[in-house]
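Everything on this sheet refers to the single structure shown next.
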Amino acid sequence: MIYDFLVIGGGVIGTAVLYELSHYDVSCALLEKENDVGTACSSRNSGIVHAGYDCKPGTFKARFNVRGSRIFPELCAELGVLYKKTGSMVIGGADSLADIQALHERGKINGVYTEILSRNQIAEREPNVSRDAEYALYAPDAGVVTPYKLVIAYADNAVINGADIFLNAEADRISRDSGVYTVTAADGRVFFAKSLINAAGYAACKINQAANAEEIRQDYALGEYFLLDKRESKNINTVLFPLPDSRGKGILVAPTAEGNVLYGPTSTPVTVPDDYAVTAEGLKNIRDSVGRIYEKANFASVIKTFAGVRTVAGLDFIIEKSKKAENYITIAGICSPGLTAAPAIAEYVGELASEITALGSRKKYVNYKEEEASGIAAVRRQDSVEKINERIRQNPRYGHIVCRCETVSEGEIIKAIHSPLTATTVDAVKRRVRAGMGRCQGGFCTPKVIEILARELNIEESEILKNRKGSKIVIDLS
Ligand SMILES: Cc1cc2nc3c(=O)[nH]c(=O)nc-3n(C[C@H](O)[C@H](O)[C@H](O)COP(=O)(O)OP(=O)(O)OC[C@H]3O[C@@H](n4cnc5c(N)ncnc54)[C@H](O)[C@@H]3O)c2cc1C
């Protein structure tokens, strides 16, 4: 089959673009190197939907951040993705007023509403902000989202509406003949398309090179985190930032959409863009920094550390139709606020795509609500006992709780495995229904999840992976 559009890379940008294209009568597909979508930068971030006051006016970052943050509430409601409008505060000490005012003015230029708060106003909103705080820039429109759920929802919806997603498909070689691109994957599979969209994140430079498109340079910065138990969420409602510096927005304290708390991220230049190991120095840096903006730092409640790697290409995002490679769009350097900007970037890439191939009018779209397949736990918790009992009567597997920390049932896990984009690993299940996301981090439920995965996928338990290639959990000694 020759697709009209082939997207390379299944992070939030690639899946958002695929979702956009799948609204039209064009054939489209996506190649993702890993065994699930959204496992790289797009699931390893702060999950903040930034208001957009701080981006340099006139840049793609400013334009797509502001538009993206406005799209988020409705988009997440439509897709059944958890989003909370929490507001954010940039916290400053006695000598910070000029910096806070400068951010406030920049917000005005970007069309973003912010307020400058005094010490008492800060304490009224967030009693646990550092006692050294004298001023804060409050942005009521900021929010938090579960980033990997957005990626999965984009992917599931695109698939339901006719797009193809190929996992474990690392685009390797690219050639073009008689107006058709041939993309050969590392495992030898071959894909054909009239147009290519490079959304390969950290590997965007490599893909451009393979396609003979413009040369781009990307740099990388590791961002490390502590994730805290849900019991800490009672102490914080708003996303708290320090004053930004040349390396970025700084080490924040934030509630997550699912009710945990995050401390981080660091920002350390690295050369390997897909190594997610945390470092002792990075974690120490967070421990030393959090107290500057937050009084209630409690490292005894940490349940996990993790890291992501930002991809930066100069001062702005690169989103352009190639002048060298025909029918080719580059999306590169999508660092923060790329998650927030994703829906708006997808709209813009849709416009660029329509200059290549007429997309026509939007087709009738089937809206696949994410909570129909996953996130049922969240919905179920708000259900009445009668409703829960009725569901269990209809399918007793909804009464069999597998993950005790997050109260996730076998029924939900099975449904997640068989969602439009099949979940095949322990972490793919975890991202969809939160089995293993709680306080014990899968200590109790992992063996049961492996058993269910093996049964549902009809493979041996020893073949089930935790996440990436090679991450086997069960070793067959026979
Ligand atoms: C620490 C940190 C904190 C952040 N916090 C925020 C935040 O709070 N708010 C916000 O708005 N933004 C935030 N961001 C930025 C945001 O996460 C990114 O902008 C966004 O995730 C980029 O998405 P992407 O799809 O471009 O990249 P990725 O998610 O990296 O996706 C690229 C995909 O391409 C795949 N790929 C690579 N090579 C190939 C190949 N050859 N063939 C096929 N597939 C390939 C990869 O496996 C990957 O899945 C943060 C980023 C980091 C690292």
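The values are calculated or read from the model by the stated rules, or taken from the named source; none is laboratory data. Quick caveat, the model's predicted, so the values are computed rather than measured. No Cβ is skipped: glycine too gets one built from the backbone with ideal geometry, and neighbour counts run over all protein chains shown.
Quick notes on this one:
- Among the residues making up region 18-32, those that are under 19 Å from N168 (Cα atoms) and more than 8 Å from the ligand (Cβ to nearest atom) are L18, C28, A29, L30.
- Selection count, region 290-317, where residues are in a strand (DSSP E or B) and over 19 Å from the mean Cα position of the chain (by Cα): 3
- Within region 41-99, tally of residues that are under 16 Å from the mean Cα position of the chain (by Cα) and either more than 12 Å from the ligand (Cβ to nearest atom) or of a type in the set (S, T, Y) (or both): 14
- Residue in region 344-359 that is polar (S, T, N, Q) and within 24 Å of the chain's Cα centre (by Cα) present: no
- Of residues in region 1-21 being crowded, with 23+ Cβ neighbours inside 10 Å and assigned to a loop (DSSP other than H, G, I, E, B), the one farthest from the chain's Cα centre (by Cα): G9
- When D156 is tested against (1) acidic (D, E); (2) within 14 Å of the ligand (Cβ to nearest atom); (3) crowded, with 16+ Cβ neighbours inside 10 Å, only condition (2) is not met.
- None of A185, A221 is within 9 Å of the ligand (Cβ to nearest atom) and more than 30 Å from T256 (Cα to Cα) except A185.
- Any hit, region 318-328, residues being at positive phi, surrounded by 17 or more Cβ atoms within 10 Å (Cβ to Cβ), in contact (Cβ under 8 Å) with a residue 40 or more places away in the chain and of a type in the set (S, T, N, Q): yes
- Residue selected from region 224-252 under the condition among the basic types (K, R) and over 21 Å from K56 (Cα atoms), by the criterion nearest to the ligand (Cβ to nearest atom): K230
- Criterion (assigned by TED's automatic domain parsing to the domain that holds T340 and away from the ligand (no atom under 11 Å from the Cβ)) met by exactly one of F166, F192: F192
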